[in-house]
1. Pop out the Kirkwood hydrodynamic radius of the stretch 195-352 from its pairwise C-alpha distances, inverse of mean 1/r, in Å to one decimal.
2. Using only the alpha-carbon atoms, how far is helix 55-67 inclined from the longest principal axis of the chain? Give it as 0 to 90 degrees, nearest 10.
3. Under the classification rounded if a/c is under 1.5, otherwise prolate if a/b is larger than b/c and oblate if not, where does the stretch 142-253 fall, given a ≥ b ≥ c as square roots of the Cα gyration tensor eigenvalues?
4. May I ask you to order 75-87, 267-279 by the average number of other C-beta atoms within 10 Å around their residues, highest value first?
5. Full-extension gain between residue 333 and residue 93, please, as 0.36 nm times their residue separation minus the C-alpha to C-alpha distance.
6. If I compute percent of Cα pairs over 39 Å apart from the structure I just sent, which labelled value in (i) 29; (ii) 23; (iii) 15 lines up?
7. Run the simple label-point estimate for residue 300 and residue 379 please: 7 Å along Cα→C-beta, distance reported in nm.
8. Can you give me the angle between helix 393-412 and the longest principal axis of the chain, using Cα atoms only, in degrees from 0 to 90, rounded to the nearest 10?
C-alpha cells in the first residue's frame, strides 16, 4: 500500500518551506535536521535579501506555522542512516543523537552559568567560545539548550544538572534509532562555506584579520560574538580599511569549479554593514566580475555610489600579514597590469557555497561531481534549495515550494 507521507532531509529555509507547503494541503511531513535547531544557514545571517530582513523575521513566521500544524513532525540532531523499499513505500532508518536536555527546558540559562568548560563556538565559526551547555542563538527553534558532555569533568556535569530548577538536564539521555515510513523524499541538505584551510595562498584560515564572508555576517549580527560591531579579531579594534576578495576558491578548477551565485551580492551587502559601522572606512573590492542578477542590479548601483568604495578588477595572488597582524594583499590590476602589495586592517574572503553533501555519502541520494543532489523523481526523490544548486534565500524558498509539489505528485501518482 502506498504511503502519502513525505520525508524532508534538512531543516533549513528550503526544507521548512517544502515541509509546510506539503503539510498545509494535508500531507504528513517529517523533517530530519542534523543541527540542534531548524533554520539552517539563514539563522546565521545578519540580514538576507531581498529586503535585508534579520533572519528572525522570516524564520519566526515559519516556526509558528510548524507549531500550529499537527502534520509537521521534526527531529533535530538527527540524520538518515539507510533507505530501503521503493517509491510510495520507503522505510527510512533515522539515528538521533542525544541532546541531554529534555522538553522541560525553559532556556533560562542557569545551567550555562554553572558550566566552566569552553570550546570553539561552531555557530559563530570559531570567532568566540561557548560553554559545554549552550543555546546556539537567541531565536533557536526548538528553544532549548544542548549539552555536549564530551570531556567534561563529572563534578561540572553534576553542577550543571543541579543548577537547573526544572530538572531538564538528563545525563542518561541516549542515542535513538527509529524507522519512518514515507512515500517520497525531499533532500534539502543545504550548503557549507568553502573551508578556508584549502586556500593556501590566502592564508589557509590562519591569518587573524582575514575572515570569511559568513564570519563577517556573525560579526555584524546583533546576536553575534561582538554584538553587531565589526571589529578586528586580533585586537578588537575598529578597522579603518577593509578589502573584499571575490571568488575565494570559486570558479577555480583546483577548488570549486562553479560560480556560487550569491558571493558578489553578499559582499555588496557587507559593504552596507561596514558603512553603517564606519562611515569613513576605506573599502576595496577585488573582483573578476560582479554578478548581481535581476532585481539585485539596483542594489549594486546604490552601493557603488559610495565614494569611499573602490573596485579593482584583478585576481588576488596571495595574502600574508605584517608584524601588526595587518593583512597584506598581493594583487595584479587586470586593467592597468600593475602588480602591487596593499595593506589593510581587515580582509574578507568571499568564499563560495559548497553543498553539504560534498564529500559525504547519503543513503539513496545521488550527487554530481561537485556534491549537488541529483533528483530521481521516478524514484520519488526530489532535491530542493542549495542542495540542488547555489541559490539565495528567496530562490531557495521557491525551490522548496516546487519540491513540495513534486513530492506530492510522486505520492499521489502511486
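Since every read-out is calculated from the coordinates, none of them should be taken as a lab result. The structure presented is a predicted model; accordingly, all values stated were derived computationally and were not measured. We place every Cβ from the backbone using ideal geometry, glycine too, and count neighbours over all the protein chains shown.
1. Values: mean 1/r = 0.0637 Å⁻¹.
About 15.7 Å, per the Kirkwood formula over Cα pairs.
2. With both axes taken from Cα atoms, the answer is about 0 degrees.
3. Values: a/c = 2.45, a/b = 1.43, b/c = 1.71.
Taking the square roots of the gyration eigenvalues as a ≥ b ≥ c, the stretch 142-253 is oblate.
4. On the way: 75-87: 17.0, 267-279: 18.6.
Ranking the peptides 75-87, 267-279 by packing returns 267-279, 75-87.
5. Working: separation 240, 0.36 × 240 = 86.40 nm, distance 5.41 nm.
That pair, residue 333 and residue 93, stretches by 81.0 nm at full extension.
6. The listed entry that was calculated here is (ii).
7. Simple spin-label model gives 3.9 nm for this pair.
8. 20 degrees
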